[in-house]
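The structure appears right after this line, and notes come after that.
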Amino acid sequence: MLTNEYLKRVYDETANRNSTDKEFLQAVYEVFDSLQPYVEKHPELEANGIMERLVEPDRMVSFRVAWVDDAGKVRVNRGYRCQFNSSIGPYKGGLRFHPTVTRSVIKFLGFEQIFKNSLTSLPLGGGKGGSDFDPKGKSDAEIMRFCQAFMTELHRYIGADVDVPAGDIGVGGREIGYLFGQYKFLKNNFTGVLTGKGLAFGGSLARTEATGYGLLYFVEEMLKCMKGESLEGKTVVISGAGNVAIYAAQKAMQLGAKVVTMSDSKGYVYDPNGINLDVMKHIKEVERARISEYAKRVPGATYGDNRSDVWKIPCDIALPCATQNELHEDDAKALVANGVTVVAEGANMPSTPEAIEYLLAHGVLFGPAKAANAGGVATSGLEMSQNSQRFSWTFEEVDKKLKEIMVNIFHNSYNASKDCGMEGNLVVGANVAGFIKVSNAMLAEGIF
Ligand code: NDP
């Protein structure tokens with residue numbers, strides 16, 4: 001609960017000004033709640049209006065995206081780019097194409113991104129964008145026309161030293177390719193303006209795997225330092241079957257764990273023998289089909305059409321990797337009742353505040369998204385470095401740097417939690433560690 005007068009006042013003002021932005025307010029409240037002990041000790045934050053400035057994006061654009069479908073019909077979607085904070089580097093954050101995208105969703109993601117990017121220790125500011133366009137069921141030609149139309153407006157606001165978008169839900173290698181092509185065409189300029197690019201045109205090895213792999217490097221370090229254990233022999237439950245979920249599953253298996261579930265927006269599969277990732281990747285990455293196909297093809301696997309039942313499957317480790325607010329208090333109760341010891345967030349804000357409180361109160365090691373899923377943006381930062389150098393590093397080089405970054409993020413978050421007198425609470429630790437660098441930069445750069 002917010003007891004600090006300054007934070008309470010700024011939160012109330014923010015809530016009044018953004019009364020319909022539910023997800024954004026949820027993200028702000030969580031950060032403010034964690035920062036209370038730090039803010040108490042630093043009156044210069046209030047004197048310089050740091051929190052008031054932090055919750056108001058530098059700018060946010062919303063624009064019409066008009067495109068023509070395969071039947072010749074004109075379609076209109078809404079596009080967004082939120083440039084939240086550039087105190088420590090150019091704006092950086094993905095683009096999400098999903099029908100649930102609203103101004104609030106983009107703002108919450110952009111706000112979270114400020115602290116996540118700071119935690120990576122790379123010079124990256126926070127931003128996010130996207131559209132309510134639904135890529136599902138669209139032909140390649142429709143995806144291309146939509147991406148071209150989206151970039152025809154977006155190109156005015158971005159640039160390699162200004163704002164560097166990447167992928168997120170519904171935006172993978174195919175979409176980044178079309179977006180990059182259109183930017184290059186409009187600007188006549190070959191530059192690292194997007195990350196997650198194809199390897200033939202400036203992409204980084206290991207970017208595809210980075211968020212999922214990074215999540216597991218974080219969990220590995222957390223288990224080692226906080227419990228003296230490894231992933232060997234652990235049972236893992238994963239939600240989602242997209243980019244983050246697939247590569248989280250792959251690394252978990254490489255580290256000796258057994259992954260028994262994955263899900264999509266329609267349902268989940270349970271495979272007590274351990275998910276066959278080759279089959280899963282073919283269904284999701286090549287065929288772009290529903291996850292229910294998996295149970296039809298793999299003997300012993302079952303399909304359930306309530307995707308939140310995934311949290312009822314007994315496990316040691318749970319990794320929500322689909323979307324925001326997908327793990328509720330009841331799910332946390334089911335996980336604890338079945339003996340879960342670690343929950344780490346691959347998706348952004350997948351656990352509700354009540355779920356987090358319950359997990360922490362019951363001694364579960366909890367890895368919050370800002371820290372645990374920062375491997376994707378960190379590797380995007382490494383892609384930017386390679387583009388600036390006009391040079392490519394090997395998979396092993398990038399993977400090694402990714403692992404070092406994730407191990408550092410864990411320790412910085414853990415140490416910050418200790419400094420705040422809440423040792424092991426990585427929600428507090430990650431928020432404080434990410435905030436300190438950003439607020440110091442804002443203090444040094446003056447008021448604007
Ligand atoms: P993908 O589009 O590759 O996959 C998303 C997965 O989540 C799919 O299985 C999808 O199912 C499911 N999903 C999406 N929306 C919903 C919804 N409203 N309800 C239920 N399930 C849903 O996205 P990513 O794997 O890239 O992203 C997953 C999460 O990870 C997001 O929260 C994203 O912000 C976060 N993240 C991603 C990073 C990256 O590098 N890609 C970096 C850091 C965080 P279906 O196919 O049925 O829609």
Quick count over the range 227-247, residues being part of a loop (DSSP other than H, G, I, E, B) and under 22 Å from the mean Cα position of the chain (by Cα), is 3
Options Ile405, Ile436, Ile356, Ile409: the member that is touching a residue at least 60 places away in the same chain (Cβ under 8 Å) and farther than 29 Å from Ala241 by Cα: Ile436
Meets criteria (part of a helix (DSSP H, G or I), more than 15 Å from the ligand (Cβ to nearest atom) and either in contact (Cβ under 8 Å) with a residue 40 or more places away in the chain or crowded, with 24+ Cβ neighbours inside 10 Å (or both)) for Glu221: yes
In the range 273-283, what count of residues is obtained for those that are away from the ligand (no atom under 16 Å from the Cβ) and open to solvent by less than 50 Å² (accessible area, probe 1.4 Å)? 1
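Residues Val398, Val428, Val432: which one is more than 28 Å from Glu52 (Cβ to Cβ) and either open to solvent by less than 70 Å² (accessible area, probe 1.4 Å) or aliphatic (A, V, I, L, M) (or both)?
Details: Val428 fails: more than 28 Å from Glu52 (Cβ to Cβ); Val432 fails: more than 28 Å from Glu52 (Cβ to Cβ).
Of Val398, Val428, Val432, the one residue that is more than 28 Å from Glu52 (Cβ to Cβ) and either open to solvent by less than 70 Å² (accessible area, probe 1.4 Å) or aliphatic (A, V, I, L, M) (or both) is Val398.
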Filter the range 311-343 down to the residues that are under 20 Å from Lys251 (Cα atoms), within 12 Å of the ligand (Cβ to nearest atom) and open to solvent by less than 20 Å² (accessible area, probe 1.4 Å) and list them by number. Leu319, Pro320, Cys321
Scanning the range 93-105 residue by residue, the ones that are more than 11 Å from the ligand (Cβ to nearest atom) and either open to solvent by less than 10 Å² (accessible area, probe 1.4 Å) or touching a Lys or Arg at 6+ places or on another chain (Cβ under 8 Å) (or both) total 1
Name the pairs whose Cβ atoms lie under 6 Å apart, with the first residue in the range 167-196 and in a helix (DSSP H, G or I), the second away from the ligand (no atom under 16 Å from the Cβ) and aliphatic (A, V, I, L, M), and 6 or more positions between them or separate chains? Tyr178/Met144; Leu179/Met151; Gln182/Met151; Tyr183/Met151; Tyr183/Val193
For the subset of the range 234-271 comprising residues that are of a type in the set (Ser, Thr, Tyr) and surrounded by fewer than 24 Cβ atoms within 10 Å (Cβ to Cβ), which member is farthest from the ligand (Cβ to nearest atom)? Thr235
Test for Phe150: is it assigned to a helix (DSSP H, G or I), in contact with a Leu (Cβ under 6 Å, 6 or more places away or on another chain) and of a type in the set (Phe, Trp, Tyr): no
Of those in the range 10-24 that are in a helix (DSSP H, G or I) and touching a helix residue (DSSP H, G or I) at 6+ places or on another chain (Cβ under 9 Å), the residue most open to solvent (accessible area, probe 1.4 Å) is Lys22
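Out of Asn77, Asn4, report the one residue that is in contact with a strand residue (DSSP E or B) (Cβ under 6 Å, 6 or more places away or on another chain), at pLDDT 95 or above and buried (at least 16 other Cβ atoms within 10 Å of the Cβ).
The conditions single out Asn77.
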Report whether or not Lys41 is open to solvent by 30 Å² or more (accessible area, probe 1.4 Å), over 28 Å from Met1 (Cβ atoms) and more than 23 Å from the chain's Cα centre (by Cα). no
Return yes or no: is Thr211 assigned to a loop (DSSP other than H, G, I, E, B), open to solvent by less than 40 Å² (accessible area, probe 1.4 Å) and of a type outside the set (D, E, K, R)? no
Given (1) open to solvent by 40 Å² or more (accessible area, probe 1.4 Å); (2) within 21 Å of the chain's Cα centre (by Cα), index of the condition Val286 fails: (2)
Which numbered condition in (1) more than 13 Å from the ligand (Cβ to nearest atom); (2) open to solvent by 40 Å² or more (accessible area, probe 1.4 Å) is the only one that Arg307 fails? (1)
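On the basis of being open to solvent by 40 Å² or more (accessible area, probe 1.4 Å), touching a Leu at 6+ places or on another chain (Cβ under 9 Å), modelled with pLDDT of 95 or more and more than 10 Å from the ligand (Cβ to nearest atom), does Glu293 make the cut? Break it down into steps so the answer makes sense when it comes.
Numbers: open to solvent by 40 Å² or more (accessible area, probe 1.4 Å): yes; touching a Leu at 6+ places or on another chain (Cβ under 9 Å): no; modelled with pLDDT of 95 or more: yes; more than 10 Å from the ligand (Cβ to nearest atom): yes.
Taking the combined requirement at face value, the residue does not satisfy it.
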Members of the range 151-166 that are open to solvent by 30 Å² or more (accessible area, probe 1.4 Å), of a type in the set (Val, Ile, Thr) and touching a residue at least 40 places away in the same chain (Cβ under 8 Å): Val162
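The values are calculated or read from the model by the stated rules, or taken from the named source; none is laboratory data. Since the model is a prediction, treat every value here as computed from it, not as a measurement. Note that we place each Cβ from the backbone using ideal geometry, even for glycine, and neighbour counts take in every protein chain shown. Accessible surface is based on the protein model in full, side chains and every heavy atom, while ligands, DNA and RNA are left aside. Shrake-Rupley method; radii C 1.70, N 1.55, O 1.52, S 1.80 Å.
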